[in-house]
Amino acid sequence: MTFIQLEKEFIDALSTIYDSQEAKSLTWLSINAASKLERAKYLSMRDEEIPAADLEKLLEILEQLKIGLPLQYILGETEFYDLKFKVNPSVLIPRPETEELVDWALITIREMKGETEVLKIVDLGTGSGCIPISIKKYIPLADISAIDISKEALNTAKQNAEINNTEIKFLEDDILNPTSQELINNQYDLIISNPPYVTDSEKLEMHQNVLNHEPHSALFVPDNEALKFYVSIADFALNHLNKNGFLFLEINKNLGKETGELLTKQGFKTVEIRQDMYGKDRMIKASL
């Protein structure tokens, strides 16, 4: 089978699950992962026969894609902020909007002299560890802790810290009711979180590969408690954020105004909502 024949087989099979553009993108990403070919080299050899070992891998990938398994879980890894991260169904697949949150936080940390002074930072609900590891990689002096309620997620995050040669303190704890003495006995210069924020009624808008495979506990909240994690995080920040420190949050694109008002009501003096690359309210920076 040639690469161009395989492309057609992939796109035909995936078009019942994904739109045309996404099916094409998944096809290329699968080929790139299996054959390790750069795009320019690949385009010059699309009419060539696929090596047997690569073809076997690609057909295995296709079978898993056809049942809706996300490609990142099939490959066992993804890229986030130019770093490699292991991912599996115990953690969310990192999204581009979270990269934007990290980028905003890094700019702020540098303005706080984080490259020359040790700043204490905590990530609440770390999942794969992509947020604290990315910050630590680019701000090596930072003293960073990260919590998650899931043992499986923490195991993945620890592996990712090791892969990326970063030192993070990982703690098992609950954002809604933190009890770890190491967490609550400290003050922080920066608190950051990407908590669950998708409401149950918004499930209908989501792709089946997310609904069927990514951890619901890291995604969804009841409609009548859509901001419950933000209430708890704000309470924690009120008691544990240093003077001149910052709180960074990823937020539900439909609840930017409500989340901002919640933080103002809780006592934050400065609340800035920022839109993502698609023009949606997606992140907040707040200070006391």
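No lab work stands behind these numbers, since they all come straight from the coordinates. Given the structure is predicted, the values throughout are model-derived calculations rather than measurements. FYI the Cβ positions are ideal-geometry reconstructions off the backbone, even for glycines, and counts take in every protein chain you see.
Using the reciprocal of the averaged 1/r over all distinct C-alpha pairs, how large is the Kirkwood radius of the stretch 216-288 in Å?
12.7 Å
What does the C-alpha gyration tensor say about the overall shape of the stretch 131-185? Classify as rounded when a/c is under 1.5, otherwise prolate if a/b is larger than b/c, or oblate.
Note, shape of the stretch 131-185 comes out oblate.
For the stretch 71-169, report the translational diffusion coefficient in µm²/s to the nearest whole number, using Stokes-Einstein at 10 °C, 1.306 mPa s, and a Kirkwood Rh over Cα pairs.
Using the Kirkwood radius from Cα pairs, D works out to 118 µm²/s.
Compute the acute angle (0 to 90°) between the alpha-carbon long axis of helix 3-14 and the principal axis of greatest extent of the alpha-carbon atoms of the chain; round to the nearest 10°.
60 degrees
If Rh is defined by the Kirkwood formula over all Cα pairs and Rg also comes from Cα, what ratio Rg/Rh do you get for the stretch 11-50?
Using Cα coordinates only, the ratio equals 1.01.
Take every Cα pair under 8 Å in the stretch 77-287 that's 6+ residues apart, average their separations, divide by the length, and report that relative contact order as a whole percent.
On the way: 398 pairs, mean separation 39.3, N = 211.
About 19 percent, as a whole number.
Is the shape of the stretch 5-83 best called rounded, prolate or oblate, per the rule: a/c under 1.5 gives rounded, else a/b larger than b/c gives prolate, else oblate, with a ≥ b ≥ c the square roots of the Cα gyration tensor eigenvalues?
rounded
Work out from phi, with θ = phi - 60° and the Karplus expression 6.51 cos²θ - 1.76 cosθ + 1.60, the ³J(HN,Hα) of each residue of the stretch 27-33, listed in order in whole Hz, and give x for Gly and Pro.
4, 5, 4, 5, 4, 4, 5
List, in the order given, every pair from LYS243/LYS280; LYS120/LYS280; LYS136/LYS253; LYS84/LYS136 whose Cα-Cα distance in the structure shown is over 22 Å.
LYS243/LYS280; LYS120/LYS280; LYS136/LYS253
Determine the percent antiparallel among the DSSP beta bridges restricted to the stretch 77-287, to the nearest 5. Kindly include the intermediate steps, with their values, before the conclusion.
Working: 14 of 34 bridges.
Restricted to the stretch 77-287, the bridges split so that about 40 percent are antiparallel.
Can you give the net charge of the other residues whose Cβ lies under 15 Å from the Cβ of THR27, counting K and R as +1 and D and E as -1?
Net charge around THR27: -2.
Note down the net charge around TYR73, summing +1 for each Lys or Arg and -1 for each Asp or Glu among other residues with Cβ under 12 Å from its Cβ.
Details: positive: LYS86; negative: GLU77, GLU214.
Taking every Cβ under 12 Å from that of TYR73, the sum is -1.
Let me see the P(r) profile for the chain: every Cα-Cα distance counted, bins of 10 Å, each bin given as a percent of all pairs.
Binned Cα distances yield the sequence 6, 26, 32, 20, 11, 4, 0.
Sort largest first and round to whole Å: the equivalent ellipsoid semi-axes of the stretch 150-221, each the square root of five times a Cα gyration tensor eigenvalue.
Listed largest to smallest, the semi-axes of the stretch 150-221 are 27, 17, 11 Å.
Please rank TRP104, TRP28, fewest neighbouring Cβ atoms within 10 Å first, as an exposure proxy.
TRP28, TRP104
Using just the helices of the chain, give the 222 nm mean residue ellipticity in deg cm²/dmol: DSSP H runs with n ≥ 4 each add -39,500 (n - 2.57), and the total is spread over all residues, rounded to 500.
Values: 12 runs with 125 residues, N = 288.
Taking each H run of at least 4 residues, the total per residue is -13000 deg cm²/dmol.
Roughly how many whole Å is it from the C-alpha centroid of the stretch 43-57 to that of the stretch 215-253?
47 Å
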